[in-house]
Amino acid sequence: MSEAGADREKLDQTPNQAADQAADQSSGGDLQSLASSITAMASPFRNYLNDLHEKYRSVDEGTVADYIPELAEANPGWFGICVVTTDGQLFDVGDCDQLFTIQSMSKALTYGMALEDHGREYVNSKVSNEPTGEAFNSIVLDEETNRPYNPMVNAGAIATTDLIKGKDGTARLKRMLSMFERYTGRSHDICMPVFLSEKSSGFRNRAIAYLMLNFGMVSDRIDETLDLYFQQCSILVNAKDIAMISATLANGGVNPATQVRALDEHYVQDVISVMLSCGMYDASGDWAYRVGIPAKSGVGGGILATVPGKLGIGTFSPPLDVKGNSVRGIKVCEDLSKDFGLHLFNVASPEHNLQDWLSGNTDIDHW
């Protein structure tokens, strides 16, 4: 078997098979995980996150998404912050176990899967990588190439979902759920009320899909692909899950807790590059300038943010700003970036050394 074939076989393993293999290869994994947990519990970084949560808990800006009727049922007071480091330390505060639907954050993972299935050149022939400056659900394609502008807007996400291989919708969904499990380390369910709500109200997405069919950007299995797209957006996650997804990307595509590879290392750069330039809807430019961390938001209230080689951030708070991004989540990420120098292009000495705060090598007990 070729090296590429072996890599593909590994990525198509069930998460349980992959986890068993990882366990066989690293007999000291449990001890390392225990040590990371003890370090995280004693770290002053946990106090920092507690103070950050308290700082923004009472913020009452923004509104809960209601264009998908089922999303309007979310409690605007829910608020969770989770950080997972590339060595497996987990820090969480607030409503980090509260389940919600992943929505557009799923687009980053599906884009990675499409790249694994078809390679960079073919995927790029169907979906561009340019920011749009338009709303995420705009019915607009590139006038010269007829491609959707990027995989993080609805048009581009539908096109990448269409590229997911499988003999039928069930097989494709099974592969997708298996992929999600490699990222988070646990199995996931689909929220059927949200899926049915999206399916019954998704006229705009259907219009986008048929426009792309007219230009040959998607196949003619429109209903199957749209069902898969609505299902991927309706996968239930919590803040810990999205922090683990972020940390997996930060760790070169390998889940830092299970040591299972979730994404081919050759495509990690593609995913996080597009997250930085396009991941925060039409506020992506301002995000890249002010925060400088590759991120993807979802209208369910989540933000996943990846600091390559260091950590992943997951925030959850349903009230959104006018661009469709979580108000509290943005504030949390702004503070983390500023306080610890996490902006990708920062060259100045940070106000606080991240490693000292994570490991406890600091005399500061409170923020």
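The table below lists the values:
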| read-out | value |
| --- | --- |
| Search result, residues across the stretch 132-146 that are open to solvent by less than 50 Å² (accessible area, probe 1.4 Å), touching a residue at least 24 places away in the same chain (Cβ under 8 Å) and either under 23 Å from Ser297 (Cβ atoms) or in contact with a Lys or Arg (Cβ under 9 Å, 6 or more places away or on another chain) (or both) | Thr132, Ala135, Phe136, Asn137, Leu141 |
| Single unsatisfied condition, Asn124 versus (1) open to solvent by 40 Å² or more (accessible area, probe 1.4 Å); (2) assigned to a helix (DSSP H, G or I); (3) in contact (Cβ under 8 Å) with a residue 12 or more places away in the chain | (3) |
| Unmet requirement for Val332, which otherwise passes all of (1) touching a strand residue (DSSP E or B) at 6+ places or on another chain (Cβ under 6 Å); (2) more than 19 Å from Glu54 (Cβ to Cβ) | (2) |
| Qualifying residue in the stretch 61-68 (condition: surrounded by fewer than 16 Cβ atoms within 10 Å (Cβ to Cβ), within 30 Å of Glu224 (Cβ to Cβ) and either modelled with pLDDT under 95 or not charged (D, E, K, R) (or both)) | yes |
| Ser178 being open to solvent by less than 40 Å² (accessible area, probe 1.4 Å), at pLDDT below 95, over 19 Å from Tyr122 (Cα atoms) and among the polar types (S, T, N, Q) | no |
| Number of the exception - Cys96 against (1) over 18 Å from Leu304 (Cα atoms); (2) in a loop (DSSP other than H, G, I, E, B) | (1) |
| Criterion (open to solvent by 30 Å² or more (accessible area, probe 1.4 Å), under 16 Å from the mean Cα position of the chain (by Cα) and farther than 20 Å from Asp60 by Cα) met by exactly one of Ser277, Ser349 | Ser277 |
| Test for Thr306: is it surrounded by 15 or more Cβ atoms within 10 Å (Cβ to Cβ), touching a helix residue (DSSP H, G or I) at 6+ places or on another chain (Cβ under 6 Å), under 18 Å from Lys55 (Cβ atoms) and not hydrophobic (A, V, I, L, M, F, W, C) | no |
| For Asp117: the one exception among (1) open to solvent by 10 Å² or more (accessible area, probe 1.4 Å); (2) in contact with a helix residue (DSSP H, G or I) (Cβ under 6 Å, 6 or more places away or on another chain); (3) outside any loop (DSSP other than H, G, I, E, B) | (2) |
| Filter result for the condition that a residue is modelled with pLDDT of 95 or more and more than 25 Å from Tyr267 (Cβ to Cβ), over Gly28, Gly119, Gly77, Gly112 | Gly77 |
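Let's see how each residue does on (1) over 12 Å from the mean Cα position of the chain (by Cα); (2) closer than 21 Å to Gln89 by Cβ:
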{"residue": "Asn251", "(1), (2)": "yes, yes"}
{"residue": "Ala262", "(1), (2)": "yes, yes"}
{"residue": "Val268", "(1), (2)": "yes, yes"}
{"residue": "Gly285", "(1), (2)": "yes, no"}
{"residue": "Ala295", "(1), (2)": "no, yes"}
{"residue": "Gly309", "(1), (2)": "yes, yes"}
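A quick yes/no check of all residues on (1) at pLDDT below 95; (2) open to solvent by 10 Å² or more (accessible area, probe 1.4 Å); (3) touching a Phe, Trp or Tyr at 6+ places or on another chain (Cβ under 7 Å):
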position: Leu173; (1), (2), (3): no, yes, no
position: Ile190; (1), (2), (3): no, yes, no
position: Arg204; (1), (2), (3): yes, yes, no
position: Ile208; (1), (2), (3): yes, no, no
position: Tyr229; (1), (2), (3): no, no, no
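The values are calculated or read from the model by the stated rules, or taken from the named source; none is laboratory data. It should be emphasised that the depicted structure is a prediction, and the values quoted were computed from it without experimental measurement. Ideal geometry is used to build each Cβ from the backbone, glycine not excepted, and the neighbour counts take in all protein chains shown. Quick note on the areas: whole protein, heavy atoms, side chains included, nothing else; ligands and nucleic acids left out. Shrake-Rupley method; radii C 1.70, N 1.55, O 1.52, S 1.80 Å.
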